[in-house]
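Peer 1: Pasting a structure here, questions to come.
The values are calculated or read from the model by the stated rules, or taken from the named source; none is laboratory data. On a predicted model such as this, the values are computed, not experimentally measured, just so you know. Counting neighbours? That spans all protein chains shown, and the Cβs are built from the backbone with ideal geometry, glycine included.
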Amino acid sequence: MVTFKYSLFAKLIYRYGNIIATLFLSIHFITSLIMMFEKWYFVFFALINGFFIFLINKYFIKTYKLFPFTITADNEKIVCQNFLLSKKEITINHSDIENITGGIFSGYPTRPIYIYDGKQKLTVGFYSHVGKFQNLLTMILKNIPQPLYNRLLDTMKDLRIERKK
């Protein structure tokens, strides 16, 4: 079994980056609210800051639920551990994977990749561009069911053709 982990820097950003961003945006949000009583157009700045605070925290809550920070894999299964604020451990057999989306399969290599286990009805995500997670993706693709592999390959070919246009 091979273990994949995020670097300390990536772990800090993915786990706690929203706290710093929310803190700075909250300062701007509060000052916009205060200034709104003096000049009416500060209401727009308050709305924009509030919207960004909402988006950032929505994204990080999704990350907390779906992204393990330690993944151990072999040719039969993937074991996901070290979710934020949780001691849960999820085991996904390669044969149970029904779909893989995001990342290179959506045409955006820096976006996260999501693996859907049809048997347990759960989704797990990871960033393939961080560390050695590209090797994890290769291991997963080698061991998933052949029809899914062919479908993913066709999707990537279609994305490549669209980009050339």
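Peer 1: Pairs under 7 Å by beta carbon, first residue within 14 Å of residue 92 (Cα to Cα) in the range 138-149, partner aromatic (Phe, Trp, Tyr), six or more apart or different chains?
Peer 2: Cβ pairs passing all conditions: 141/149.
Peer 1: A follow-up question, please. Of the residues 141, 122, 152, only one is farther than 19 Å from residue 14 by Cα and buried (at least 17 other Cβ atoms within 10 Å of the Cβ); which? Break it down stepwise before answering.
Peer 2: Numbers: 141 fails: buried (at least 17 other Cβ atoms within 10 Å of the Cβ); 122 fails: buried (at least 17 other Cβ atoms within 10 Å of the Cβ).
Just one listed residue meets the conditions, 152.
Peer 1: So which of 60, 44, 54, 105 is buried (at least 17 other Cβ atoms within 10 Å of the Cβ), modelled with pLDDT of 85 or more and either among the β-branched types (Val, Ile, Thr) or over 30 Å from residue 145 (Cα atoms) (or both)? Step through it out loud before you land on a result.
Peer 2: On the way: 44 fails: buried (at least 17 other Cβ atoms within 10 Å of the Cβ); 54 fails: buried (at least 17 other Cβ atoms within 10 Å of the Cβ); 105 fails: either among the β-branched types (Val, Ile, Thr) or over 30 Å from residue 145 (Cα atoms) (or both).
Sole residue among the options that is buried (at least 17 other Cβ atoms within 10 Å of the Cβ), modelled with pLDDT of 85 or more and either among the β-branched types (Val, Ile, Thr) or over 30 Å from residue 145 (Cα atoms) (or both): 60.
Peer 1: Under 8 Å between Cβ atoms, at least 6 apart or on separate chains: pull out the pairs that start in the range 48-65 with a residue that is within 14 Å of residue 27 (Cβ to Cβ) and end on any residue that is of a type in the set (Phe, Trp, Tyr) and part of a helix (DSSP H, G or I).
Peer 2: 49/29; 50/29; 53/29
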